Amino acid sequence: MIKTVTAPRFTFDLVHGAPAAAKAAWEAAGCLILENFVAPEACDALIAAADRLSDQLVEEAEGHAFDAVDNQHAGEDYFLSSGDVMRAFMEENTAGVDRKRAVNKLGHAMHDLDPDFEAFSHQQQLGRLTRQLGLGTPQLLQSMLIFKHARVGGEVTMHQDSTFIFSQPETCIGFWFALQDATLENGAMYALPGWHKGPLERRFFRTGDGAGTDFEDLSAVDWPLDEAVPLEAPKGSLILLHGRLPHRSSANVSDNSRYAYTLHTVDASAHYPADNWLQRRDDLPLRTFGEGMNFA
Ligand SMILES: O=C(O)CCC(=O)C(=O)O
């Protein structure tokens, strides 16, 4: 019988790293909030880099929404070929909204292709944290900048990241950075800590010739949605998410945006299937934290 537990929250210490209790807490909850992981100035620099990229990419993104409720983008080549490039995706139903505020997210290879995002994603502190928590050799597969613009940013329904970032064995870990305060009003995440011990509900995969996608149902899950715990996160917090942890976020109903940067990793030792939606060209190999910087 799985029980929903408290979401563990610690203050990150720049000198000593994660506190000793963090590893056991992560293993028990499948999530971990580390406040003070990123300096406010580093958050601001990444916000500026995100706005710069968004301005560059918004025009070609017109007509390409990211639908985190019904997944309607899932068969579009614009989405399916975005694993090794940088693209913007729009919010749904934003006629009349200023186009820059109508961007839902950037994805999915900023950590390899943009100097600011690469430097942030490969900071020493992340490699050290993964060693402290015993996370193996995580390789950076996917990056996203999720804007949740004020009064525009849409909801993300309950899901497990291993559904989309599948490996054998499952090794997906999400690293979610609050570049701005994430509050109940502007779309903080909610999760079911402890429920990473349950099964994977479904897997998203490419069909046939790779031009379409579908979901394979794996297990009937019975998540207690009303027990979801808010993961409010002050600016600079890092939230770690186990690939099987059910989590979601609400629409932004406030006047404040909620910029978050996320990295999703798979372990170097795991098999990464050729029918996963996210594929990369051979000349952009996966790297672990800090390995072979492109823009050093
Ligand atoms: O940032 C959000 O609102 C949702 C992020 C998320 O679900 C993810 O990174 O897997």
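About its Cα centre, the dipole of the chain is roughly 840 debye, where the only charges are +1 on Lys and Arg Cβ and -1 on Asp and Glu Cβ. Figure legend: label point modelled 7 angstrom from the Cα of residue 57 along Cα→Cβ; residues of the stretch 132-151 with amide N under 16 Å from it are 141-149.
Once you charge only the Cβ atoms, +1 for Lys and Arg and -1 for Asp and Glu, what is the size of the charge dipole of the stretch 90-246 about its Cα centre, to the nearest 20 debye? Each step should come with its number before you reach the end.
Values: 14 positive and 21 negative charges, 85 e Å.
For the stretch 90-246, the charge dipole is close to 420 debye.
Per-residue extension of 0.36 nm, minus the Cα-Cα distance of residue 283 and residue 27, leaves a gain of 88.7 nm for this segment. FRET efficiency for the pair residue 197 and residue 116, taken as 1/(1 + (r/R0)^6) with r the Cβ-Cβ distance and R0 = 22 Å, rounds to 0.05. Projecting the Cα atoms of 78, 89, 54 onto the dipole axis of the stretch 54-113, where Lys and Arg carry +1 and Asp and Glu carry -1 at the beta carbon, places 54 farthest toward the positive end.
Given R₀ = 41 Å, FRET efficiency for residue 269-residue 95 by Cβ-Cβ distance, to 0.05?
Values: r = 47 Å, r/R0 = 1.15.
For residue 269 and residue 95, the calculated efficiency is 0.30.
Along the axis of the charge dipole computed for the chain (Cβ charges of +1 for Lys and Arg, -1 for Asp and Glu, origin at the Cα centre), the listed residues 18, 259, 288 are led at the positive end by 18. Exposed loop sites here are trypsin sites (Lys or Arg not before Pro) assigned a DSSP state other than H, G, I, E or B and surrounded by at most 12 other beta carbons within 10 Å; excluding them, the longest clear run of the chain is 4-280.
Backbone amide hydrogens, once placed in the peptide plane, bring residue 267 within less than 5 Å of 139, 171, excluding anything fewer than 5 places away on its chain.
GluC sites (Glu not before Pro), restricted to the stretch 148-186: which are DSSP loop and have at most 16 other Cβ atoms within 10 Å? Walk me through the intermediate numbers first.
Values: sites: 155, 170, 185; in loops: 155, 170, 185.
In loop regions of the stretch 148-186 (DSSP not H, G, I, E or B), the sparsely surrounded GluC sites (Glu not before Pro) are 155, 185.
Taken over the chain, the alpha-carbon convex hull comes to 126 cubic angstrom per residue.
Pick out, in residue order, every one of the GluC sites (Glu not before Pro) in the stretch 1-72 that is DSSP loop and has at most 16 other C-beta atoms within 10 Å; say none if there are none. Don't skip to the answer; put the middle values down first.
Details: sites: 27, 35, 41, 59, 60, 62; in loops: 62.
For GluC sites (Glu not before Pro) across the stretch 1-72 that sit outside H, G, I, E and B with at most 16 neighbouring Cβ atoms in 10 Å, the list reads 62.
Subtract the Cα-Cα distance of residue 15 and residue 251 from 0.36 nm times their separation in residues, and report this length gain in nm to one decimal.
Details: separation 236, 0.36 × 236 = 84.96 nm, distance 3.63 nm.
Computed gain between residue 15 and residue 251 is 81.3 nm.
For the pairs 197/235; 3/197; 23/197; 3/148, note any where the Cα-Cα span goes beyond 20 Å. Could the numbers behind the result be given before it?
Details: 197/235 29 Å; 3/197 10 Å; 23/197 16 Å; 3/148 30 Å.
From 197/235; 3/197; 23/197; 3/148, over 20 Å: 197/235; 3/148.
Taken together, the values in this text are just the output of simple stated rules run on the coordinates, not laboratory data. What you see is a predicted model; the values in this text were computed from it and never measured. So basically every Cβ, Gly included, is an ideal-geometry build from the backbone, and we count neighbours across all protein chains shown.
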